[in-house]
Amino acid sequence: QVQLVESGGGLVQAGGSLTLSCTASGSIYSINDMDWYRQAPGKQRELVAVITSGGNSNYADSVKGRFTISRDNAKSTAYLQMNSLKPEDTALYYCASITIAEDMSWGQGTQVTVSS
């Protein structure tokens, strides 16, 4: 079992920056990918960024060039650096992990609100 705790959300003006953190505990040795998802009110949850255990990353088109995902395996923590934030980035952001056995775990979410 993997437990995930996110932090770093908040209220920011458009054009501003935030960094989200996601710290894993439990069976951290089994984690392969770490992902960030988001869900805005009335919308489906969407994948924002993925980082593999080897450090390869992928992004949704809507955040490419503005968001950067990274991970510190020694701290069992993944980060999402968000720059040039837009009101449409407002959502509840979730961290997720996928183990080698393809079991998925979710954090509780952290709210990001971008004011115009």
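Which translational diffusion coefficient, to the nearest whole µm²/s, is obtained for region 15-75 from the Stokes-Einstein equation, given a Kirkwood hydrodynamic radius over C-alpha pairs, 4 °C and 1.567 mPa s? Spell out each step's value before the answer.
Working: Rh = 13.0 Å.
Rounded to a whole number, D works out at 99 µm²/s.
Search the structure for amide H atoms under 5 Å from the amide H of LEU85, placed 1.01 Å from N in the peptide plane, and list their residues when 5 or more places away or on another chain.
Excluding prolines and chain starts, which carry no amide H, the hits are GLY15, GLY16.
Could you tally the net charge around VAL50, taking each other residue with its Cβ under 9 Å from the Cβ of VAL50, Lys/Arg +1 and Asp/Glu -1?
Working: positive: none; negative: ASP33, ASP35.
Local charge sum for VAL50: -2.
Once phi is turned into θ = phi - 60°, what whole-Hz ³J(HN,Hα) does the Karplus curve with 6.51, -1.76 and 1.60 give for every residue of region 75-90, x standing for Gly and Pro?
Each residue's phi maps through the Karplus curve to give 9, 6, 10, 10, 10, 10, 7, 10, 10, 6, 5, 10, x, 6, 7, 4 Hz.
Report ³J(HN,Hα) in whole Hz for each residue of region 12-28, in order, from the Karplus equation J = 6.51 cos²θ - 1.76 cosθ + 1.60 where θ = phi - 60°; Gly and Pro get x.
With the stated coefficients, region 12-28 comes to 9, 7, 4, x, x, 10, 9, 10, 8, 10, 9, 9, 9, 9, x, 7, 5 Hz.
How compact is the chain by the rule of thumb for globular proteins, expressed as Cα Rg over 2.2 N^0.38 Å? Each step should come with its number before you reach the end.
Values: Rg = 13.4 Å, N = 116, 2.2 N^0.38 = 13.4 Å.
That works out to 1.00 for the chain.
Which trypsin sites (Lys or Arg not before Pro) in region 1-90 pass both tests, a DSSP loop state and at most 12 other beta-carbon atoms within 10 Å?
Values: sites: ARG38, LYS43, ARG45, LYS64, ARG66, ARG71, LYS75; in loops: LYS43, ARG45, LYS64, ARG66.
Those satisfying the criteria are LYS43, LYS64.
At q = 0.33 Å⁻¹, what base-10 log of I(q)/I(0) does the Debye formula yield for region 4-44 when every alpha carbon is treated as an equal point scatterer in vacuo?
Once normalised to I(0) and log-transformed, intensities are -1.19.
How much length is gained if the chain between LEU11 and GLN108 is pulled fully straight, taking 0.36 nm per residue apart and subtracting their Cα-Cα distance, in nm to one decimal?
Values: separation 97, 0.36 × 97 = 34.92 nm, distance 1.79 nm.
My answer for the length gained is 33.1 nm.
Using modelled amide H (1.01 Å from N, peptide plane; none on Pro or chain starts), what sits under 5 Å from the amide H of VAL48, excluding residues fewer than 5 places away?
For VAL48, whose amide H was placed from the backbone, the distant partners under 5 Å are TRP36, TYR37, ARG38.
Give the aspartates and glutamates whose C-alpha is closer than 18 Å to that of LYS86, dropping any in the same chain fewer than 8 places away, or say none.
Answer for LYS86, where 18 Å is the Cα cut-off: GLU46, ASP61, listed by chain and number.
None of the figures in this text is laboratory data; all of them are computed from the coordinates on show. Note that this is a predicted model, so its numbers are computed, not measured. With ideal geometry, Cβ positions are generated from the backbone for all residues, glycine too; neighbour counts draw on all protein chains shown.
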